Amino acid sequence: MRVLFTAVPIHGHLLPLIPLAEAVTAAGDEAAFAVPEALGALVGRVPVLPAGPGIEDLLAENDRRTGGADMADGVEPVAELFAGTLVDLSFDAALRRGREFGAEVVVADEYDPIGPMVAATLGLPLIRHTVGLPVSPPPLGPAMEARLAPRYAARGLPRPARLALVDLWPPVLQAPHWTPPADRLPIRPRLYAGTGPVPPLPPPGPGPRVVVTLGTVLLDAEPLDAFVDAVAALDTVDVLATVPDGLPRPLTDPRVNVWFVGFVPMAQLLGAGVAVVLAAGGAGTVLAALTRGIPLVLWPKGAEKPQNAERVAAAGAGIVIDDPARAAEAVAKVLSDPSYRAGAERVAEQIRRAPDADAVWATLSARIRAR
């Protein structure tokens, strides 16, 4: 069976799909990603079929369309990026790649519009894979739909039915009164370990380590530095902060308890000594930290991040802040109050009980063949 994987071309949307793609190949089937060529280095052993421009070009075009609207200021620029700009610039290439590959199944990240359109065009079964929480938070869902509807209509495409929803999120992080969809298949998140050697990180100090990471895109240096400055002032902690590629911020720092690093896979970043993660609330970071039982301080901006942060706080696994000036106070509270670590450990236990990717693909494969 040939399985085509598609994702919004951002680290946090692509990386969660890799374990399932690797499970496909381990089972003797074929998998490939239809994503921009620049993301190939992240994928490792699974082939990449280059399709569409990278995120920098997509953002530049999206800025032109939206007048440079800030992604953190509302859903409209995010919806335009995902459901407008991405479709217009990438769909034709992804469809061509799908045909060349001879795709028989499409697996798409839940925010990705390309995979479902490819599945609709080729008449293929569609599997959705969660990244953020399983339902696009309002009003992002309606804003995306307003852009997708005319694009489906212009191509004369029906909406493809979903065969299954592969869900990374444990029940404890779901919304109150949540009922699992009948087609839901839970899957255990796996920390991304990278595809090559990772530069050594500074060894843990005598006190707790706080990781500060605000994502891989849609970020400027000002909030990152504000968070680092606030937390470093606690001086009983050391601070390890990630700087996204292309961000004009030097990695060197004169403070003895502060280190800046480039992109580091979560499996290495969340190593020994990490006691708190301060983050923007992206799904990959949230699930990675909680998989290790590490509590969070979250400053959610844009897309599904406020919803992710709300569920973390409700689970007792972290604190949500709305101002970088509150970061030090929040980190100090998480460090001093063991209930937050206990909350994170409760989430980690549910994550550990979920089936791994190999088991999920075995179930999906049987379901596909039984159609």
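Step by step: first the residues of segment 158-212, then only those that are under 30 Å from LEU122 (Cα atoms) and small (Gly, Ala, Ser), then the one that is surrounded by the fewest Cβ atoms within 10 Å (Cβ to Cβ). Which residue is that?
Checked segment 158-212; the qualifying residue surrounded by the fewest Cβ atoms within 10 Å (Cβ to Cβ) is ALA182.
Hey, which of the strands (runs of 3 or more DSSP E) in segment 1-118, taking only ones fully inside, have at least 3 residues that are among the small types (Gly, Ala, Ser) and touching a Gly at 6+ places or on another chain (Cβ under 6 Å)?
Strands (runs of 3 or more DSSP E) meeting the threshold: none at all.
Starting from residues that are more than 25 Å from the chain's Cα centre (by Cα) and of a type outside the set (Gly, Ala, Ser), keep the ones in segment 143-175 and report whichever is nearest to THR85 (Cα to Cα).
ARG151
For segment 30-56, name all the residues that are of a type in the set (A, V, I, L, M, F, W, C) and closer than 16 Å to ALA93 by Cα.
ALA32, PHE33, ALA34, VAL35, ALA38, LEU39, VAL48, LEU49, ALA51, ILE55
Kindly establish whether ALA288 is under 22 Å from PRO170 (Cα atoms), among the aliphatic types (A, V, I, L, M), crowded, with 20+ Cβ neighbours inside 10 Å and in contact with a Gly (Cβ under 8 Å, 6 or more places away or on another chain).
Working: under 22 Å from PRO170 (Cα atoms): yes; among the aliphatic types (A, V, I, L, M): yes; crowded, with 20+ Cβ neighbours inside 10 Å: yes; in contact with a Gly (Cβ under 8 Å, 6 or more places away or on another chain): no.
Here the answer is no, as ALA288 does not meet what is asked.
Could you list all residues from segment 122-154 that are at pLDDT below 90, surrounded by 20 or more Cβ atoms within 10 Å (Cβ to Cβ) and not in a loop (DSSP other than H, G, I, E, B)?
Once the filter is applied, which keeps residues that are at pLDDT below 90, surrounded by 20 or more Cβ atoms within 10 Å (Cβ to Cβ) and not in a loop (DSSP other than H, G, I, E, B), segment 122-154 yields only LEU140.
Only one of these is in contact (Cβ under 8 Å) with a residue 12 or more places away in the chain, assigned to a strand (DSSP E or B) and crowded, with 19+ Cβ neighbours inside 10 Å: VAL276, VAL231. Name it.
Residue meeting the stated conditions: VAL276.
What is the number of the single condition among (1) of a type outside the set (A, V, I, L, M, F, W, C); (2) open to solvent by 50 Å² or more (accessible area, probe 1.4 Å); (3) more than 21 Å from PRO208 (Cα to Cα) that LYS305 does not meet?
(2)
Taking GLY343 as the residue in question, decide whether it is farther than 30 Å from PRO77 by Cβ, touching a residue at least 24 places away in the same chain (Cβ under 8 Å), open to solvent by less than 20 Å² (accessible area, probe 1.4 Å) and part of a loop (DSSP other than H, G, I, E, B). Let's see the steps before the verdict.
On the way: farther than 30 Å from PRO77 by Cβ: yes; touching a residue at least 24 places away in the same chain (Cβ under 8 Å): yes; open to solvent by less than 20 Å² (accessible area, probe 1.4 Å): yes; part of a loop (DSSP other than H, G, I, E, B): no.
Against the criterion (farther than 30 Å from PRO77 by Cβ, touching a residue at least 24 places away in the same chain (Cβ under 8 Å), open to solvent by less than 20 Å² (accessible area, probe 1.4 Å) and part of a loop (DSSP other than H, G, I, E, B)), GLY343 does not qualify.
State all residues of segment 310-340 that are closer than 18 Å to ARG292 by Cβ and open to solvent by less than 40 Å² (accessible area, probe 1.4 Å); if no residue qualifies, say none.
Filtering segment 310-340 for residues closer than 18 Å to ARG292 by Cβ gives 311-312, 315-319, 331, 334-335, 338-340.
Passing the criteria: ARG311, VAL312, ALA315, GLY316, ALA317, GLY318, ILE319, VAL331, VAL334, TYR340.
Residues in segment 265-272: is at least one surrounded by fewer than 21 Cβ atoms within 10 Å (Cβ to Cβ), assigned to a helix (DSSP H, G or I) and among the hydrophobic types (A, V, I, L, M, F, W, C)?
Checked segment 265-272: at least one residue is surrounded by fewer than 21 Cβ atoms within 10 Å (Cβ to Cβ), assigned to a helix (DSSP H, G or I) and among the hydrophobic types (A, V, I, L, M, F, W, C).
Go through segment 53-81 and give me each residue that's under 15 Å from ARG151 (Cβ atoms), open to solvent by less than 10 Å² (accessible area, probe 1.4 Å) and in contact with a Pro (Cβ under 9 Å, 6 or more places away or on another chain). So that I can check it myself, show each step before the final result.
The first filter runs over segment 53-81 and keeps only residues under 15 Å from ARG151 (Cβ atoms), leaving 65, 79-81.
This time we only want the ones that are open to solvent by less than 10 Å² (accessible area, probe 1.4 Å), so: 79, 81.
The one that is under 15 Å from ARG151 (Cβ atoms), open to solvent by less than 10 Å² (accessible area, probe 1.4 Å) and in contact with a Pro (Cβ under 9 Å, 6 or more places away or on another chain): ALA79.
Considering only segment 63-83, state which residues are at negative phi and either charged (D, E, K, R) or more than 20 Å from the chain's Cα centre (by Cα) (or both).
Answer for segment 63-83, where residues must be at negative phi and either charged (D, E, K, R) or more than 20 Å from the chain's Cα centre (by Cα) (or both): ASP63, ARG64, ARG65, THR66, ALA69, ASP70, ASP73, GLU76, GLU80.
Check off (1) touching a Leu at 6+ places or on another chain (Cβ under 6 Å); (2) more than 16 Å from VAL347 (Cα to Cα) for GLN268 and give me the number that stays unchecked.
(1)
When you check GLU349 against the structure, is it modelled with pLDDT of 95 or more and open to solvent by 40 Å² or more (accessible area, probe 1.4 Å), yes or no? Walk me through how you get there before you give the answer.
Numbers: modelled with pLDDT of 95 or more: yes; open to solvent by 40 Å² or more (accessible area, probe 1.4 Å): yes.
Here the answer is yes, as GLU349 does meet what is asked.
So, in segment 331-346, how many residues would count as being more than 16 Å from ALA314 (Cα to Cα) and of a type in the set (Ser, Thr, Tyr)?
So the count comes out to 1.
Pairs, please: C-beta under 7 Å, at least 6 apart or cross-chain, first residue within 25 Å of LYS301 (Cβ to Cβ) and in contact (Cβ under 8 Å) with a residue 12 or more places away in the chain and in segment 78-104, second of a type in the set (Ser, Thr, Tyr) and surrounded by 24 or more Cβ atoms within 10 Å (Cβ to Cβ)?
Taking only residues 6 or more apart or on different chains, the pairs are PHE82/TYR111.
The values are calculated or read from the model by the stated rules, or taken from the named source; none is laboratory data. No experiment lies behind these values; they were computed from the predicted model shown. Cβ: placed from backbone, ideal geometry, glycine included. Neighbour counts: every protein chain shown. Keep in mind that these areas ignore ligands, DNA and RNA; they rest on the heavy atoms of the full protein, side chains included. Shrake-Rupley method; radii C 1.70, N 1.55, O 1.52, S 1.80 Å.
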